[in-house]
Amino acid sequence: MTKGAPYEELLRVPLETQFVGREIVALDVVDSTNTYALNHGKPGMVIVADAQTAGRGRQGHTWHSAPGLGLWFSVVVDEMWQGLSFAAALAVRDALADRCELRIKWPNDVLCGSKKLCGTLIERRDDITVLGIGLNVHHAREDFPPELRDKAGSLESEVGGTWDRCKVLRDVLTHLDGRVMLIRKDGVEAVRAEWASACNLIGRRIQTGPHTGTVVDIDRHGALLLATSSGTQMIPTGEITYLDGD
Ligand code: BTN
């Protein structure tokens with residue numbers, strides 16, 4: 001274990017997990033916990049930082065990761081990566097379920113109402129797979145860059161009350177461990193159907209990029225099968241707009 005002020009309790013009290021968090025590295029500041037994990041990670045390791053200077057989001061976006069405001073962490077896994085993003089979103093939703101009702105929006109955002117609280121980014125190098133999770137906790141509206149203020153929120157801004165980052169992280173890691181162990185034992189299908197149902201997309205009319213259509217299914221890679229006027233399209237990732245209400 002490595003010392004890190006905001007996460008002392010996480011480091012002091014061992015997690016009751018089988019795989020996730022076998023080793024924990026808590027840093028004050030890092031460029032990106034995913035980069036650190038890709039360079040130094042071992043299976044089961046969790047890297048958490050109070051701040052990131054170059055946090056990465058999906059599709060080349062930057063991830064706003066100011067000190068003290070959120071949970072910025074990465075989990076390293078070995079051979080298994082199918083289903084990992086399903087496990088991540090379900091773990092975040094379930095870890096917080098006693099205090100708020102969160103929903104999962106394809107491709108893998110966790111929202112409270114219409115505000116995105118959490119995003120996940122999976123990256124792979126050689127035989128290391130890294131799951132990065134960013135969860136906004138203490139932000140007020142003005143803590144987000146102006147262009148994000150109508151889209152992003154935090155636990156504090158959307159749910160209210162006080163939040164202990166260390167406890168939230170422990171709960172998310174515990175739930176994630178349960179899901180990861182289930183996938184290892186029973187395969188990706190053990191979480192895919194629940195995740196797909198949580199996305200609440202099947203049968204809905206959406207627009208994504210140039211495509212408009214009705215979602216027929218979500219496959220084991222998380223891709224949408226979209227029935228369009230020119231046939232069925234497979235959409236691996238992207239942004240979606242609901243055409244039949246939010
Ligand atoms: C998204 O665009 O929704 C994905 C955001 C993922 C952000 C997390 S924060 C911890 C980890 N380190 C990074 O650089 N990115 C991920």
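The values are calculated or read from the model by the stated rules, or taken from the named source; none is laboratory data. Keep in mind it's a predicted model, so treat the numbers as computed, not measured. Cβ coordinates were reconstructed from backbone atoms using ideal geometry, including for glycine residues, and neighbour counts include every protein chain displayed.
Would you tally the residues in the range 1-29 being at pLDDT below 90, more than 30 Å from Lys185 (Cα to Cα) and not acidic (Asp, Glu)?
6
Looking at Glu16, Glu23, Glu9, which one is in contact (Cβ under 8 Å) with a residue 40 or more places away in the chain, farther than 17 Å from Asp164 by Cα and among the charged types (D, E, K, R)? Talk me through it step by step, then tell me what you get.
Working: Glu23 fails: in contact (Cβ under 8 Å) with a residue 40 or more places away in the chain; Glu9 fails: farther than 17 Å from Asp164 by Cα.
Of the residues listed, the single one that is in contact (Cβ under 8 Å) with a residue 40 or more places away in the chain, farther than 17 Å from Asp164 by Cα and among the charged types (D, E, K, R) is Glu16.
Name the residue, out of Leu173, Leu148, that is within 14 Å of the ligand (Cβ to nearest atom) and within 14 Å of the chain's Cα centre (by Cα). Lay out the reasoning, then the answer.
On the way: Leu148 fails: within 14 Å of the chain's Cα centre (by Cα).
Unique residue meeting the criteria: Leu173.
Within the range 146-159, track down each residue that is closer than 17 Å to Val92 by Cα, in a loop (DSSP other than H, G, I, E, B) and not hydrophobic (A, V, I, L, M, F, W, C).
Gly153, Ser154
Which condition number does Leu96 fail, the rest of (1) away from the ligand (no atom under 13 Å from the Cβ); (2) within 14 Å of the chain's Cα centre (by Cα); (3) over 16 Å from Lys167 (Cβ atoms) being met?
For Leu96, the exception is condition (3).
When the residues of the range 43-81 are narrowed to those that are in contact with a Lys or Arg (Cβ under 8 Å, 6 or more places away or on another chain) and within 17 Å of Val20 (Cβ to Cβ), which ends up nearest to the ligand (Cβ to nearest atom)?
Restricting to residues being in contact with a Lys or Arg (Cβ under 8 Å, 6 or more places away or on another chain) and within 17 Å of Val20 (Cβ to Cβ), the top hit is Leu71.
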